[in-house]
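All remarks here apply to the structure that follows.
The values are calculated or read from the model by the stated rules, or taken from the named source; none is laboratory data. Everything quoted here is computed from the prediction, not taken from an experiment. When we count neighbours, we look across all protein chains shown, and the Cβ atoms used for this are built from the backbone with ideal geometry, even at glycine. Surface areas here come from the heavy atoms of the whole protein model, side chains and all, with no ligands, DNA or RNA. Shrake-Rupley method; radii C 1.70, N 1.55, O 1.52, S 1.80 Å.
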Amino acid sequence: MRKKILAANWKMYKTPDQATAFFQEFLPLVQDHDRDEIVVCPNYIALPAAIHAAKGSRVAIGAQNLHWEKEGAYTGEICTSMLVAIGVTHVIIGHSERRQYFCETDDTVNLKLKSALAAGLTPIVCVGEVLEEREANLTDDVLRRQCLRAFNKVSAKKAASLVVAYEPVWAIGTGKTATPELAADAHAIIRAEAADSFGQEFADNLRILYGGSVKPENAHALMSEEEIDGALVGGASLDPKSFAAIVKY
Ligand code: PGA
């Protein structure tokens, strides 16, 4: 049995005070919930407030990005040792918004994945097709290419903590959710690629999250699919009651 992960991606929302206020309301709602893992990924500047607020709870804190170099002259960037030093345990890599707006490529995703794993961070690597690719029946190829390049020269042993998030780009922030069946099919493609890269046993244990307009209303149906091992939630994770409802699907 793969333990599910319910992860919040706050994107560019919430000041440190707003992050603190979120946890004051959210933590009591999930304090007895140990069925799943819960991760919240605030922006960099709200990370310390979130870590402080979540201390002693079951909620882990993740970053939304990292730079792969150990340190150096990279203005505006944050590296793994800085994240680890403040208590960050997870990191989202290769989100479609970063691929779309900030020149993230499969190769930089690979560099970031290696760097996160070396630092002991749990990476959540995002993959997913855009609408034109789905309509052209290219979903399978796109997912396989994104995974193959992301996993390049990463060993199964090193990748043990890897988590993948399938986020069809056409479903992000649009209110259009993939049907549970469609998501499960995509997850099976990713799992097959992980089996090729890392072996069948690794693939059987790999957690693949679904992301794209997950809400309290559709979380149960999505999470009931055997192939779906959790969710990466954007918009609906900003409100404590809504994210708690998703966590408890
Ligand atoms: P959404 O975002 O839930 O607002 O669609 C998901 C994501 O981008 O991770």
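Listed values, structure above:
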| read-out | value |
| --- | --- |
| Search result, residues across segment 70-113 that are over 12 Å from Val127 (Cα atoms), hydroxyl-bearing (Ser, Thr, Tyr) and within 16 Å of the ligand (Cβ to nearest atom) | Tyr101 |
| Strands (runs of 3 or more DSSP E) wholly inside segment 82-169 that include at least 3 residues being under 19 Å from Arg191 (Cα atoms) and modelled with pLDDT of 95 or more | 122-127, 163-166 |
| Whichever residue in segment 153-171 is open to solvent by 30 Å² or more (accessible area, probe 1.4 Å) and within 16 Å of the ligand (Cβ to nearest atom) and, among such residues, is farthest from Ala116 (Cα to Cα) | Trp170 |
| In segment 8-55, the residues that are touching a residue at least 60 places away in the same chain (Cβ under 8 Å), within 19 Å of Cys126 (Cα to Cα), open to solvent by 30 Å² or more (accessible area, probe 1.4 Å) and outside any strand (DSSP E or B) | Lys11 |
| Matching residues, segment 172-225, being touching a helix residue (DSSP H, G or I) at 6+ places or on another chain (Cβ under 9 Å), open to solvent by less than 30 Å² (accessible area, probe 1.4 Å), outside any helix (DSSP H, G or I) and more than 16 Å from the ligand (Cβ to nearest atom) | Leu206 |
| Residue list for segment 98-110, restricted to those being of a type outside the set (Ser, Thr, Tyr) and either open to solvent by less than 40 Å² (accessible area, probe 1.4 Å) or out of contact with any strand residue (DSSP E or B) (no Cβ under 9 Å at 6 or more places or on another chain) (or both) | Gln100, Phe102, Cys103, Glu104, Asp106, Asp107, Val109, Asn110 |
| Filter result (open to solvent by 50 Å² or more (accessible area, probe 1.4 Å) and polar (S, T, N, Q)) within segment 65-97 | Thr75, Ser81, Thr89 |
